[in-house]
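The values are calculated or read from the model by the stated rules, or taken from the named source; none is laboratory data. Keep in mind it's a predicted model, so treat the numbers as computed, not measured. Neighbour counts are summed over all protein chains in view; Cβ atoms, including those assigned to glycine, are modelled from backbone coordinates with ideal geometry.
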Amino acid sequence: MRLFALLVLPLAFACGSAPRIAASQPHREVSAYRRSPAEMRVAIARALQSRRYAVVGDQPGAIRARWGQEPWFEVDVRYEETGFTIHYVESAGLDNEVDEETGELMLDARYGRWRDQLARTIHVELERPAREQAAAIEAERARIAAAQQAAAEEEARRQQALQQQQQAAQQPAQSQSQGPSAGDIILQVAGTAAAAGANAAANGNGGSVSHSHSSGSVHRTESYCCTINGNSYSCPDEAAFRSCATLEAHNCSPAPGGC
């Protein structure tokens, strides 16, 4: 049983091992869109920073970068308008081997995974300007839509306020044109004040007070008129009117034309 287990373990390890990559085989990526060298360089630099690569060389058309400390490796990312290529440069601490038949250096499978991750990140950064532009356009559309909605709501509020003002202005005019309504109460009292009625009657004097009150609309008018020996006086209030009815007209104003 122990012998069987020892034989199976190396077999399983061999079956689970990932294929190695020849160091002389670069990773080529072709873009569907042509981009300027400056745009390519910016996208590659961002991708290297995102993947924690340290740039050790930068020249037109190529950036050399190192990843890791132990193990570590260096690559050249060469670019042009139509794409980019990742070239292996050197490494340390990787499980590299030399092919006995071809003599070619075969790289650790982990290098292949890390290199592919870098390539995918470069693609993401190459598409960043288009994404940002689309997001900016969408944000501007949303801003315009919100501004239009706010303007429409403000206009609706303004129209409603204007309509309310017009209705409020029409109500007093209608009340005045219609005169007293069925609910109005008009009280007319003629003669002297009750407290001085006997004195005014004895001297042939008279007075009148008129009150008008409308329950339909809020308005009130009062007038006090006192007559002494045929002379009319307009009194400002009821107290002055009562004094006039007792022949004390000094608080009232003469009204030659009558009240």
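Of all residues in the range 64-91, those satisfying the criterion of being over 12 Å from residue 122 (Cα atoms) and touching a Leu at 6+ places or on another chain (Cβ under 7 Å) are 65, 71, 73, 88. Within the range 21-37, one or more residues are modelled with pLDDT of 90 or more, within 45 Å of the chain's Cα centre (by Cα) and part of a helix (DSSP H, G or I). Out of 30, 75, 55, 89, one residue alone is of a type in the set (A, V, I, L, M) and free of Cβ contacts under 8 Å to residues at least 12 places away in the same chain. It is 55.
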